[in-house]
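Student: One structure coming up, written as C-alpha cells, with questions to follow.
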Amino acid sequence: MRTTKTALLSVPLTLLAAALPADAHHSFAAQYDASKPVTLKGKVTKPLTGLKVAGYVGCQTNRPFGVAGDSFENPQYLDRMINLTGATAIPFAKKVACCGGALMFSEQEKSCQLTRDILQCAIDGGADCIVTPCPVCQLNLEVYQGKINQLFGTSFKIPVLYYSQLMVLSWGGSWNDAALHQQVVQPDVLKPFA
C-alpha cells in the first residue's frame, strides 16, 4: 500500500517539475564559450581561389537561438569560414531552410521537395559545391540527389561537403586527407586543389 501511495504522489511531482522553466542553450555552446573567440590553427597553403561555395547552415545548427553575435536569419559564420579558405561564399537565400531532416525516412517526397529547392537555389546562385556543418543536411543534400532527380526530372550532381573538408584542402591536405574519395557525389571540381 505504501508503494502505491509513493507512486501516486511521484506522478504529480514529476509533472510539476517538468512544467517548471529550465535553462536551455544552443548545442554549439556546449563545445565553445561564446565569450571567447575560437582560434583555428592552420595555415592556408593552397587557397581555394575561384571555388564558389554555397554555405548551408541548415535549420538545426541555427536553433534554438542561433550562434551568439550572428544573425539568426542570415548567419555569416559559415560564410566567413569558407572565405578564409580562399573560396568564395556565394549569397545563398536558402542557407537556413529546412532540408526535411529525419522526415526523409517517413515522408520522403515532402523532404525531397525541400531538399530540391535548396539544391536548386545553390545551382542558380552559381555554386560549385555546398558546404554544411550538419551531418543530416549533408546526408539529405548529397545522398538523395538521385531520388530527387527521379521524382522531379532534375539532373542534380552537386557535391555536398563538410566545412572541415574545405579547411583540410586549403591547409595543404590531399584528396584522401579530406576524405573526398568517400563522397557519394564525386567532388571533381575540387581536384585542382587536392
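The values are calculated or read from the model by the stated rules, or taken from the named source; none is laboratory data. As the structure is a prediction and not an experimental result, all values here were calculated from the model. Neighbour counts are summed over all protein chains in view; Cβ atoms, including those assigned to glycine, are modelled from backbone coordinates with ideal geometry. To get the accessible areas, we keep the full protein, side chains included, count just its heavy atoms, and leave off ligands, DNA and RNA. Shrake-Rupley method; radii C 1.70, N 1.55, O 1.52, S 1.80 Å.
Student: Criterion first (open to solvent by 20 Å² or more (accessible area, probe 1.4 Å) and over 20 Å from the mean Cα position of the chain (by Cα)) does Asp128 satisfy it?
Tutor: Here the answer is no, as Asp128 does not meet what is asked.
Student: Are any residues in the range 151-171 farther than 17 Å from Thr85 by Cα, in contact with a Lys or Arg (Cβ under 9 Å, 6 or more places away or on another chain) and open to solvent by less than 20 Å² (accessible area, probe 1.4 Å), and if so, which ones?
Tutor: Hit for the range 151-171 is Phe156, nothing else.
Student: Go through the range 114-161 and give me each residue that's touching a residue at least 24 places away in the same chain (Cβ under 8 Å), over 16 Å from Val189 (Cβ atoms) and polar (S, T, N, Q).
Tutor: Residues satisfying the conditions are Thr115, Gln120, Thr132, Gln138, Asn140, Thr154.
Student: Taking the range 172-188 as the search range and keeping residues that are crowded, with 17+ Cβ neighbours inside 10 Å and either among the acidic types (Asp, Glu) or under 21 Å from the mean Cα position of the chain (by Cα) (or both), which one is nearest to Thr115 (Cα to Cα)?
Tutor: Across the range 172-188, the extreme among qualifying residues is Val185.
Student: Would you pick out the residues in the range 78-110 that are in contact (Cβ under 8 Å) with a residue 24 or more places away in the chain, surrounded by fewer than 21 Cβ atoms within 10 Å (Cβ to Cβ), assigned to a helix (DSSP H, G or I) and of a type outside the set (S, T, N, Q)?
Tutor: Met81, Leu84, Glu109
Student: Say whether the condition of being of a type in the set (Lys, Arg) and within 26 Å of Cys112 (Cα to Cα) is met by at least one residue in the range 157-169.
Tutor: yes
Student: Right, something else. What number goes with the only condition from (1) assigned to a loop (DSSP other than H, G, I, E, B); (2) of a type in the set (S, T, N, Q); (3) in contact (Cβ under 8 Å) with a residue 60 or more places away in the chain that Thr61 does not pass?
Tutor: (1)
Student: Another question, then. Looking at the range 146-194 only, could you name the residues that are of a type in the set (Phe, Trp, Tyr) and out of contact with any strand residue (DSSP E or B) (no Cβ under 9 Å at 6 or more places or on another chain)?
Tutor: Hits for the range 146-194 are Phe152, Phe156, Trp171, Trp175, Phe193.
Student: When Arg116 is evaluated against the numbered criteria (1) at pLDDT below 95; (2) open to solvent by 50 Å² or more (accessible area, probe 1.4 Å), which criterion, by number, is the only one it fails?
Tutor: Single failed check for Arg116: (1).
Student: When you go through Val131, Val136, Val160 one by one, which is the residue that is touching a Gly at 6+ places or on another chain (Cβ under 8 Å) and modelled with pLDDT of 95 or more?
Tutor: Only one candidate passes the filter, namely Val131.
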